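Only one structure is covered here, and it is reproduced in the block below.
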Amino acid sequence: MFAIGEFARHGRVSVRMLRHYDAIGLLRPAYVDPATGYRSYTAGQLADLNRIVALKDLGFSLEQVRTMIVDDISPAELRALLTIRRAELESTVAESYARLAQVESRLRGIEGDFPAADVVVKELPAVRLVGLTTTAASFTPEDITPVVRPLCAELGRRLPDAAVRPTGRLTCLYERAPQTSADEDEVVVRATVPAAVDAEGNPSQTGDNPNEAAGNTGGANGNTGRADGNTGRADGNTGRADGNLAKADSRVDVADGNVNPAGGGLNGLEVIDLPAVRAATLVYRGPIDQVLPAWQALARWIDDNGYRSSEPARELYLDCPDDPADWVTELQEPIE
């Protein structure tokens, strides 16, 4: 028999912890002196203590550990619990990597990785687009991410069956929705591609780049949307486009990351006319979820040069290979 101090030393735990295990019924001493109250343990109980410590180190709560040991669960039940715990740890690791990427993105912004010399002012011609529209609760990554990705994926699925010819690359547009109260922050999200159609959505014989196909809506692996909510100007205000940006029958309802198509027309697609604008542009190379410093550099350039932003900022996805680090995106901020 071991006194509690000796048992704690052999088990590499504290005496206080052994007393706590006793109190919650997790590991009872083999003998308690009725006169002194001193606890004693057997050598065989070291195996029980080691099992408790091992399960705790895996991240299980003491209540979960007590259930496993006291109830003497089967190997199959233990395997199921460990599988769940593995999934939880994998999720935690993924979240940590995402936070690390954001930290690195912030550092690049502070260090000025996007010099003003890289900004080019362009005249963007008027363009007719077809696309899908939905809404997000706000500009935060938590609200934008589960909306944009399925929206772009749904656009890619519908294009082959639509009687239109895409003539360019995927472009995402964002604008604040009309507010019904001061504390609401709803965002209108649009995934679009240029297409040869008339104003009514009928196929047109005109249009540039006839060799551009529906496959040019993003990466071959379907990564056609943004990976986070940094979708426009640094202040989150992407402005407005003209009044022809939405049709009720072509909106897409996105809930819990699932796109539920609604409406008919061009396989449910809407026609969107963007006017010709002058825009400050910047080519960003890298994961789209780390684009915020580039947008902020563009916003600083616009302010430093006496311009003001107008109409929606646009993200034109020029190249979307399997590796997000190799993505090439042109940021287009209309200016006045």
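Subtract the Cα-Cα distance of residue 300 and residue 318 from 0.36 nm times their separation in residues, and report this length gain in nm to one decimal.
The residue 300-residue 318 span can extend by a further 4.1 nm.
Could you provide, to the nearest whole Å², the per residue accessible area of segment 276-319 with probe 1.4 Å?
I get 39 Å² per residue for this part.
With a 1.4 Å probe and every protein chain kept in, tell me what percent of the accessible surface of segment 276-321 is carbon plus sulfur.
Carbon and sulfur together cover 41 percent of it.
Please give the contour-minus-distance gain from residue 47 to residue 31: 0.36 nm per residue of separation, less the Cα-Cα distance, rounded to one decimal in nm.
Gain on stretching residue 47 to residue 31: 4.1 nm.
For segment 5-80, which whole percent of the accessible surface, found with a 1.4 angstrom probe, sits on carbon and sulfur atoms?
Taking all protein chains in place, segment 5-80 shows 53 percent carbon and sulfur surface.
So if R0 is 56 Å, what FRET efficiency would residue 120 and residue 83 give, r being the distance between their Cβ atoms, rounded to the nearest 0.05?
Computed FRET efficiency for residue 120 and residue 83 comes out at 0.60.
Counting other Cβ atoms within 10 Å, keep those with at most 11, restrict to DSSP loop, and tell me which trypsin sites (Lys or Arg not before Pro) in segment 277-317 are left.
Loop-located and lightly packed - 308.
The values are calculated or read from the model by the stated rules, or taken from the named source; none is laboratory data. Because the structure is a prediction, the values reported are computed rather than measured. All Cβ positions, glycine included, derive from the backbone under ideal geometry; neighbour counts span all protein chains shown. Keep in mind that these areas ignore ligands, DNA and RNA; they rest on the heavy atoms of the full protein, side chains included. Shrake-Rupley method; radii C 1.70, N 1.55, O 1.52, S 1.80 Å.
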